[in-house]
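Here the structure is laid out as structure tokens; the discussion comes afterwards.
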Amino acid sequence: MAIPVIDFSKLNGPKRAEIMAQIANGCEEWGFFQLVNHGISEELLERVKKVTSDFFKLEREENFKNSMPVKLLNDLVENKSGNKLENLDWEDAITLLDDNERPFQTPGFKETMTEYRNELKKLGVKVMEVMDENLGLPKGYIQKAFNDGDVDDAFFGTKVSHYPPCPHPELVNGLRAHTDAGGVILLFQDDVVGGLQILKDGKWIDVQPLPNSIVINTGDQIEVLSNGKYKSTWHRVLATPDGNRRSIASFYNPSLKATIAPAPHLVELATSEANNEAYPKFVFGDYMSVYATQKFLPKEPRFQSVKAM
């Protein structure tokens, strides 16, 4: 079983209806799908691969060797306790934002990642517009909801992660299972080293590496806006003994001030009783406060917690 792979270049051609249906299926049945021919040049993606790999080797690799995950794993192996490290991840990561003034030593890193993020943000808008259309919502509905109306203050951040080779992958997670708190996630994953899995029908399924594809997944806020028609999906990353997994996840999330609620049109279409919405109305910043302490726990109590707030 493999997650859907969709040729995004055919969206505006004679196969538009077919591509729209494939994306709807990806959102409704999987919560994950891969886009190929998405409009981002291979030349840029190859540069992104190079600068992110160079960045880890030059600026992060030595520090990771002395990090808490490495120390705790070594202690665990030395003590032979038979336990597993459940509360941390075998991951090294930084987050890039538009106003990030952090200096980088890696040649071309800042310029390349700025160009890449600009292209990813455009793709994110296109994907949200497809979701709007598939859900029967006005064009731009999701983007406007994320921006808290007409003010352009939605969050767009990019997490650059590396999962170094792990000598005891059975004792630690690459990244613990979770759903994403925000909106639309656009992932440029490693095309050689696997490890990303999603939970589908009670089974963990590999998200197959596919060169220069962009993996799309829907977060908790898309689930709310769609009144549950689109679900955020549990996913995780396995630690691996070989290779050095690259993962670049860009998050198109609501502004912390944005009010998120099921789209009224979708509530009207639901078979539930009037005013008996499955999801509450809340401020995204309040949801993030709850998520910060419950990220790796079931999502349903998070919705209830924020409803009480």
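Quick note: the coordinates plus some simple rules give every number you see, no bench work behind them. None of these values were measured; they are calculated from a predicted model. In this analysis, Cβ positions are derived from the backbone assuming ideal geometry, glycine residues included, and neighbour counts consider all displayed protein chains.
What full-extension length gain, to one decimal in nm, is calculated for GLN105 and GLU268 as 0.36 nm per residue of separation minus the Cα-Cα distance?
53.3 nm
For the range 1-70 versus the range 150-222, the spacing of their alpha-carbon centroids is 9 Å. You can think of it this way: the chain between GLU129 and ASP75 has 14.5 nm of extra reach, that is 0.36 nm per residue less the Cα-Cα gap.
In terms of other Cβ atoms within 10 Å, ILE185, ILE19 run from fewest to most in the order ILE19, ILE185. Within the set LYS229/LYS307; LYS57/LYS121; LYS80/LYS159; LYS139/LYS257; LYS203/LYS295, which residue pairs have Cα atoms separated by over 29 Å? Where the Cα-Cα span goes over 29 Å, the pairs concerned are LYS80/LYS159. Considering only GLN221, PRO167, ASN100, and ranking their Cα positions along the charge dipole of the range 5-276 that arises from unit charges at the beta-carbon of Lys, Arg, Asp and Glu, the one farthest toward the positive end is PRO167.
What does the charge add up to near ILE185, with Lys and Arg as +1, Asp and Glu as -1, over the other residues with Cβ less than 12 Å from its Cβ? Each step should come with its number before you reach the end.
Details: positive: LYS159; negative: ASP180, ASP220.
Result for the local shell: -1.
Taking K and R as +1 and D and E as -1, what net charge do the other residues with C-beta under 13 Å from the C-beta of GLU28 add up to?
+1
Please work out which option in (1) 1.42; (2) 1.01; (3) 0.96 gives Cα Rg over 2.2 N^0.38 Å calculated from these coordinates, and answer with its label. The value matching this structure is (2). When you restrict to C-alpha pairs under 8 Å that are six or more residues apart and normalise by the size of the chain, the relative contact order lands at 21 percent.
For THR114, what is the net charge nearby, where nearby means another residue's Cβ is under 13 Å from its Cβ and Lys, Arg count +1, Asp, Glu -1?
Working: positive: ARG47, ARG102, LYS110, ARG117, LYS121; negative: ASP98, ASP99, GLU101, GLU111, GLU115, GLU119.
Once positives and negatives cancel, what remains is -1.
Backbone phi angles across the range 59-66, fed through the Karplus curve with coefficients 6.51, -1.76 and 1.60 (θ = phi - 60°), yield HN-Hα couplings of 10, 10, 4, 5, 5, 5, 4, 10 Hz in residue order; Gly and Pro are listed as x.
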